[in-house]
1. Got a sec? Which of 163, 171 is free of Cβ contacts under 8 Å to residues at least 12 places away in the same chain and either more than 21 Å from residue 112 (Cβ to Cβ) or within 28 Å of the chain's Cα centre (by Cα) (or both)?
2. Take the range 203-221 and flag every residue that is surrounded by fewer than 18 Cβ atoms within 10 Å (Cβ to Cβ), assigned to a loop (DSSP other than H, G, I, E, B) and at pLDDT 95 or above.
3. Taking residue 190, is it under 15 Å from residue 91 (Cα atoms) and out of contact with any helix residue (DSSP H, G or I) (no Cβ under 8 Å at 6 or more places or on another chain)?
4. Give the residues of the range 88-103 that are outside any loop (DSSP other than H, G, I, E, B) and touching a helix residue (DSSP H, G or I) at 6+ places or on another chain (Cβ under 9 Å), sorted by residue number.
5. Could you check, for the range 195-202, whether at least one of its residues is within 29 Å of the chain's Cα centre (by Cα) and outside any strand (DSSP E or B)?
6. Given the conditions (1) under 22 Å from residue 99 (Cβ atoms); (2) crowded, with 19+ Cβ neighbours inside 10 Å; (3) touching a helix residue (DSSP H, G or I) at 6+ places or on another chain (Cβ under 9 Å); (4) in contact (Cβ under 8 Å) with a residue 40 or more places away in the chain, which single one is not true for residue 198?
(Lines give C-alpha, C1' and ligand atoms only; values in the text may rest on other atoms or scores of the structure.)
Protein backbone atom coordinates (compact mmCIF):
# COMPACT_ATOMS: atom_id res chain seq x y z
CA UNK A 1 0.00 0.00 0.00
CA UNK A 2 1.16 3.57 -0.75
CA UNK A 3 0.65 6.71 1.28
CA UNK A 4 -0.43 10.10 -0.16
CA UNK A 5 3.17 10.85 -1.20
CA UNK A 6 3.41 7.60 -3.12
CA UNK A 7 5.71 5.95 -0.58
CA UNK A 8 5.13 2.49 0.85
CA UNK A 9 2.88 2.76 3.92
CA UNK A 10 4.24 1.27 7.12
CA UNK A 11 3.17 1.26 10.71
CA UNK A 12 5.23 3.38 13.06
CA UNK A 13 7.34 1.27 15.46
CA UNK A 14 5.27 2.29 18.50
CA UNK A 15 2.00 1.64 16.72
CA UNK A 16 3.35 -1.61 15.32
CA UNK A 17 4.35 -2.79 18.78
CA UNK A 18 1.03 -1.73 20.28
CA UNK A 19 -0.84 -3.60 17.58
CA UNK A 20 1.18 -6.72 18.17
CA UNK A 21 0.56 -6.52 21.91
CA UNK A 22 -3.17 -6.15 21.35
CA UNK A 23 -3.22 -9.13 18.98
CA UNK A 24 -1.06 -11.12 21.37
CA UNK A 25 -3.37 -10.50 24.28
CA UNK A 26 -6.51 -11.34 22.32
CA UNK A 27 -5.09 -14.47 20.73
CA UNK A 28 -3.41 -15.68 23.89
CA UNK A 29 -6.56 -15.13 25.88
CA UNK A 30 -8.50 -17.10 23.27
CA UNK A 31 -5.89 -19.83 23.37
CA UNK A 32 -6.06 -20.22 27.13
CA UNK A 33 -9.84 -20.28 27.01
CA UNK A 34 -9.79 -22.93 24.30
CA UNK A 35 -7.32 -24.99 26.26
CA UNK A 36 -9.27 -24.64 29.48
CA UNK A 37 -12.64 -25.54 28.03
CA UNK A 38 -11.34 -28.13 25.57
CA UNK A 39 -12.27 -26.44 22.31
CA UNK A 40 -10.32 -27.26 19.16
CA UNK A 41 -8.57 -24.05 18.08
CA UNK A 42 -5.20 -25.08 19.43
CA UNK A 43 -3.46 -25.34 16.02
CA UNK A 44 -4.44 -21.82 14.94
CA UNK A 45 -3.63 -20.20 18.27
CA UNK A 46 -0.38 -22.15 18.65
CA UNK A 47 0.80 -20.96 15.23
CA UNK A 48 -0.13 -17.34 16.02
CA UNK A 49 1.59 -17.42 19.39
CA UNK A 50 4.70 -18.91 17.82
CA UNK A 51 4.86 -15.92 15.47
CA UNK A 52 4.33 -13.46 18.34
CA UNK A 53 7.02 -15.10 20.45
CA UNK A 54 9.56 -14.09 17.81
CA UNK A 55 9.38 -10.55 19.24
CA UNK A 56 10.94 -9.89 22.64
CA UNK A 57 8.27 -7.40 23.72
CA UNK A 58 5.28 -9.58 22.87
CA UNK A 59 7.07 -12.65 24.25
CA UNK A 60 7.23 -10.94 27.62
CA UNK A 61 3.59 -9.95 27.46
CA UNK A 62 2.58 -13.50 26.64
CA UNK A 63 4.51 -14.81 29.63
CA UNK A 64 2.83 -12.25 31.89
CA UNK A 65 -0.59 -13.14 30.50
CA UNK A 66 0.07 -16.84 31.00
CA UNK A 67 0.91 -16.33 34.68
CA UNK A 68 -2.12 -14.08 35.18
CA UNK A 69 -4.43 -16.58 33.52
CA UNK A 70 -3.15 -19.46 35.65
CA UNK A 71 -4.06 -17.52 38.77
CA UNK A 72 -7.47 -16.55 37.43
CA UNK A 73 -8.21 -20.07 36.26
CA UNK A 74 -7.45 -21.58 39.66
CA UNK A 75 -9.90 -19.21 41.32
CA UNK A 76 -12.57 -19.99 38.68
CA UNK A 77 -12.46 -23.73 39.13
CA UNK A 78 -15.43 -25.32 40.81
CA UNK A 79 -14.09 -27.20 43.77
CA UNK A 80 -15.22 -30.78 44.12
CA UNK A 81 -17.47 -31.05 47.11
CA UNK A 82 -16.11 -33.43 49.69
CA UNK A 83 -18.76 -35.11 51.78
CA UNK A 84 -18.38 -34.52 55.50
CA UNK A 85 -20.19 -36.02 58.43
CA UNK A 86 -22.43 -32.95 58.51
CA UNK A 87 -23.51 -33.61 54.92
CA UNK A 88 -24.90 -37.04 55.74
CA UNK A 89 -28.62 -36.88 56.38
CA UNK A 90 -29.45 -39.77 58.67
CA UNK A 91 -32.99 -41.14 58.56
CA UNK A 92 -34.00 -42.12 62.08
CA UNK A 93 -36.32 -45.15 61.91
CA UNK A 94 -37.59 -44.47 65.42
CA UNK A 95 -40.55 -42.09 65.53
CA UNK A 96 -41.95 -41.03 68.87
CA UNK A 97 -45.60 -41.99 68.94
CA UNK A 98 -47.58 -39.46 70.94
CA UNK A 99 -51.06 -37.96 70.87
CA UNK A 100 -50.29 -35.98 67.70
CA UNK A 101 -48.71 -38.89 65.88
CA UNK A 102 -51.04 -41.26 64.03
CA UNK A 103 -50.66 -44.93 63.19
CA UNK A 104 -52.65 -45.59 60.04
CA UNK A 105 -53.40 -48.62 57.90
CA UNK A 106 -53.14 -48.41 54.11
CA UNK A 107 -56.93 -48.19 53.90
CA UNK A 108 -57.08 -45.34 56.40
CA UNK A 109 -54.32 -43.47 54.59
CA UNK A 110 -56.24 -43.74 51.32
CA UNK A 111 -58.94 -41.45 52.78
CA UNK A 112 -56.35 -38.63 52.75
CA UNK A 113 -55.81 -38.67 49.00
CA UNK A 114 -57.12 -35.15 48.39
CA UNK A 115 -60.48 -36.20 47.01
CA UNK A 116 -62.29 -35.33 50.25
CA UNK A 117 -62.51 -31.60 51.03
CA UNK A 118 -62.98 -32.35 54.74
CA UNK A 119 -59.62 -34.13 55.04
CA UNK A 120 -56.05 -32.90 54.54
CA UNK A 121 -53.78 -34.48 51.96
CA UNK A 122 -51.30 -37.06 53.24
CA UNK A 123 -48.61 -39.08 51.54
CA UNK A 124 -46.13 -41.62 52.84
CA UNK A 125 -42.55 -42.42 51.98
CA UNK A 126 -40.72 -45.30 53.63
CA UNK A 127 -43.70 -45.63 55.96
CA UNK A 128 -43.46 -42.04 57.20
CA UNK A 129 -46.68 -40.07 56.73
CA UNK A 130 -46.52 -36.35 55.93
CA UNK A 131 -49.26 -33.74 55.79
CA UNK A 132 -48.79 -32.10 52.40
CA UNK A 133 -52.05 -30.15 52.48
CA UNK A 134 -50.24 -26.82 52.04
CA UNK A 135 -49.15 -28.18 48.68
CA UNK A 136 -52.69 -29.22 47.81
CA UNK A 137 -52.51 -27.66 44.36
CA UNK A 138 -49.81 -30.22 43.58
CA UNK A 139 -50.93 -33.23 45.62
CA UNK A 140 -54.70 -32.70 45.62
CA UNK A 141 -57.18 -33.90 43.04
CA UNK A 142 -56.14 -32.65 39.61
CA UNK A 143 -52.61 -31.81 40.79
CA UNK A 144 -49.50 -32.98 39.02
CA UNK A 145 -48.43 -35.19 41.95
CA UNK A 146 -51.86 -36.43 42.97
CA UNK A 147 -50.75 -40.03 42.37
CA UNK A 148 -48.52 -39.78 45.49
CA UNK A 149 -51.42 -38.81 47.75
CA UNK A 150 -53.08 -41.27 50.11
CA UNK A 151 -50.45 -43.99 49.73
CA UNK A 152 -46.84 -44.99 50.19
CA UNK A 153 -45.24 -44.84 46.75
CA UNK A 154 -41.63 -44.88 47.93
CA UNK A 155 -40.33 -46.65 44.83
CA UNK A 156 -41.88 -44.19 42.38
CA UNK A 157 -39.97 -41.28 43.90
CA UNK A 158 -36.80 -42.60 42.28
CA UNK A 159 -38.06 -44.94 39.54
CA UNK A 160 -40.32 -42.42 37.81
CA UNK A 161 -42.86 -45.20 37.21
CA UNK A 162 -46.20 -43.62 38.08
CA UNK A 163 -48.38 -46.50 36.94
CA UNK A 164 -50.31 -48.48 39.54
CA UNK A 165 -47.66 -51.19 39.44
CA UNK A 166 -44.93 -48.60 40.02
CA UNK A 167 -46.64 -46.66 42.83
CA UNK A 168 -45.54 -49.13 45.50
CA UNK A 169 -43.49 -49.00 48.68
CA UNK A 170 -40.95 -51.75 48.02
CA UNK A 171 -37.27 -50.92 47.49
CA UNK A 172 -36.30 -54.36 46.20
CA UNK A 173 -33.66 -54.14 43.48
CA UNK A 174 -33.01 -50.42 43.87
CA UNK A 175 -29.43 -49.23 43.62
CA UNK A 176 -27.49 -47.45 46.33
CA UNK A 177 -27.95 -44.23 44.38
CA UNK A 178 -31.71 -44.79 44.33
CA UNK A 179 -31.74 -45.30 48.09
CA UNK A 180 -29.84 -42.05 48.55
CA UNK A 181 -32.49 -40.40 46.38
CA UNK A 182 -35.19 -41.69 48.73
CA UNK A 183 -33.20 -40.35 51.66
CA UNK A 184 -33.06 -36.94 50.00
CA UNK A 185 -36.81 -36.97 49.39
CA UNK A 186 -37.38 -37.73 53.07
CA UNK A 187 -35.12 -34.80 53.96
CA UNK A 188 -37.22 -32.59 51.69
CA UNK A 189 -40.48 -33.59 53.35
CA UNK A 190 -38.96 -33.29 56.80
CA UNK A 191 -37.98 -29.72 56.01
CA UNK A 192 -41.08 -28.52 54.16
CA UNK A 193 -43.94 -30.55 55.59
CA UNK A 194 -45.12 -31.96 58.91
CA UNK A 195 -44.61 -35.58 59.91
CA UNK A 196 -47.98 -36.76 61.24
CA UNK A 197 -47.66 -40.49 61.62
CA UNK A 198 -46.52 -43.87 60.36
CA UNK A 199 -48.06 -46.43 58.06
CA UNK A 200 -48.69 -49.98 59.26
CA UNK A 201 -47.14 -52.48 56.90
CA UNK A 202 -43.72 -52.97 55.37
CA UNK A 203 -41.86 -50.43 57.47
CA UNK A 204 -43.81 -50.02 60.72
CA UNK A 205 -45.83 -52.45 62.80
CA UNK A 206 -49.20 -51.88 64.43
CA UNK A 207 -47.53 -50.28 67.45
CA UNK A 208 -45.54 -47.80 65.35
CA UNK A 209 -42.24 -49.62 65.77
CA UNK A 210 -39.83 -49.84 62.82
CA UNK A 211 -39.57 -53.22 61.14
CA UNK A 212 -36.38 -55.11 60.35
CA UNK A 213 -36.90 -54.31 56.67
CA UNK A 214 -36.91 -50.58 57.39
CA UNK A 215 -33.72 -50.85 59.40
CA UNK A 216 -32.13 -52.81 56.57
CA UNK A 217 -33.11 -50.20 53.97
CA UNK A 218 -31.75 -47.36 56.10
CA UNK A 219 -28.54 -49.30 56.73
CA UNK A 220 -28.03 -49.55 52.95
CA UNK A 221 -28.34 -45.78 52.44
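The values are calculated or read from the model by the stated rules, or taken from the named source; none is laboratory data. Bear in mind the structure is a predicted one, so any value in this text is a computation, not a measurement. Cβ placement follows ideal geometry from the backbone for every residue including glycine, while neighbour counts extend to all protein chains displayed.
1. Working: 171 fails: free of Cβ contacts under 8 Å to residues at least 12 places away in the same chain.
The match here is 163.
2. 205, 206, 207, 209, 211
3. Working: under 15 Å from residue 91 (Cα atoms): yes; out of contact with any helix residue (DSSP H, G or I) (no Cβ under 8 Å at 6 or more places or on another chain): yes.
Yes; evaluated as a whole, the condition is true for this residue.
4. Here is the first cut: in the range 88-103, the residues outside any loop (DSSP other than H, G, I, E, B) are 102-103.
The answer is 102, and nothing else.
5. Step one: list which residues in the range 195-202 are within 29 Å of the chain's Cα centre (by Cα), which gives 195-196.
Adding the requirement that they be outside any strand (DSSP E or B) leaves none.
Checked against the condition, which is being within 29 Å of the chain's Cα centre (by Cα) and outside any strand (DSSP E or B), the range 195-202 yields no hits at all.
6. So residue 198 meets the others, but not (3).
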